[in-house]
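Written below as structure tokens is the structure these notes are about.
The values are calculated or read from the model by the stated rules, or taken from the named source; none is laboratory data. Nothing here was measured: the structure is a model prediction, and the numbers come from that model. Glycine also receives a Cβ, built like all others from the backbone with ideal geometry; neighbour counts cover every protein chain displayed. What goes into the accessible areas is simple: the full protein's heavy atoms, side chains included, and nothing from ligands, DNA or RNA. Shrake-Rupley method; radii C 1.70, N 1.55, O 1.52, S 1.80 Å.
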Amino acid sequence: MRRRDLFAAALATGLAAPAVARGEDHDRAILRSLIAREEGASAAYRGLRLPALRNPSEQDAHHVKALKTELQALYSGATPISPEDLDAAARRLRDASTGTDRHTAAITLETELVDAYREAVLGLTQPAILQAVATMLACHAQRRALLTADSYPP
Amino acid sequence: MVNRRALVLGGGAALLAAGCGKDIVVAPPPAEPALLRSLAAERALGTTMAALGKPRLAQRSRERATQLAAALSELGARPHDAPAPEAQADIAAGLGRSRAVLEAYVAALPSLHGSGRELGADLLAQAAGDVALLASSFGFVPDDPFPGTPG
């Protein structure tokens, strides 16, 4: 390899590095936001029975764990949220007092989660993280469909 | 003034530093084969939904296939290269083809950018909802937290 080639390769690496770092910063921010939403959803569903869904609180706990693993792979972490930090949709579900209210609140929460995951999928840069997050988008899209099944008869 | 030796030394240091970070970077697959796989999986699911007596779900699957075919044509690929498998009227096949279509959409996403990524995300979300409805109509409530995880 000639000196000029070596220099060109080093220069290319140096130019690419900031872009990669920016992408990782962006991915970290997205992951932290999703972790907070999932922690809120897991807390809100805890102990609730919704006929259309099976173990949503446990599923969301799995999501939190997976998202934290991805975040650790980017050399970062997330502080768990407190009950006061629950987002409005999760709080509404947690505080719902009737079955109808719970059902309506769950649809709102799942719709917001699908939207949040869709935005995440559009913004993520790391392929492995993108694919992991896409499976969680699919999970919440399934729940939304099951909760609103009456709207689309097969 | 920086001489050549200093530049080369600096470059070498940069290369070494780059080598100390993430060690595996897998290039995403090209978009065309990934979308062709999604199209083949969607066609297979659609024929099975129709055979299982779910015309509304089958129609929505066909609509997704049409969108995929249009995206492939825009890329200069040939949608007809995606096979159209025969219908299988049993729920086991339906569940298998459901898994396959979600896996194909998830696998395709890293190769898609901009409006292609938006299309991929929307098709994944819609297909996920429809396969959940298909499964639940046969008494299977989906409980996988990560549907579509590439096998």
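Per-structure values
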{"read-out": "Percent carbon-and-sulfur accessible area, the range A:85-154, ignoring ligands, DNA and RNA, probe 1.4 Å", "value": "50"}
{"read-out": "Charge sum, other residues only, whose C-beta stays under 15 Å from B:A50's C-beta, Lys/Arg counted +1 and Asp/Glu -1", "value": "+2"}
{"read-out": "Set of the range A:91-114 residues, backbone N closer than 13 Å to the point 7 Å along the Cα-Cβ line of A:R49", "value": "A:99"}
{"read-out": "Charge sum, other residues only, whose C-beta stays under 11 Å from B:L102's C-beta, Lys/Arg counted +1 and Asp/Glu -1", "value": "-2"}
{"read-out": "Cα centroid separation - the range A:68-85 against the range B:111-131, whole Å", "value": "27"}
{"read-out": "Among A:V133, A:N55, A:I107 - extreme Cα towards positive end, dipole of chain A, charges at beta-carbon", "value": "A:V133"}
{"read-out": "Within a Gaussian network of chain A (alpha carbon springs, distance under 10 Å), most fluctuating of A:S57, A:S33, A:S97", "value": "A:S97"}
{"read-out": "Around A:A78: net Lys/Arg minus Asp/Glu count, Cβ-Cβ under 11 Å", "value": "0"}
{"read-out": "Where A meets B: accessible area buried, both sides, 1.4 Å probe, Å²", "value": "3500"}
{"read-out": "Debye intensity ratio in log₁₀ form over the Cα atoms of the range A:19-65, taken at each q of 0.20, 0.24, 0.31, 0.32 Å⁻¹", "value": "-0.65, -0.79, -1.03, -1.06"}
{"read-out": "Spatial separation of Cα centroids for the range A:105-129 and the range B:35-108, in angstrom", "value": "23"}
{"read-out": "Per residue solvent-accessible surface (Å²) - chain A, probe of 1.4 Å", "value": "50"}
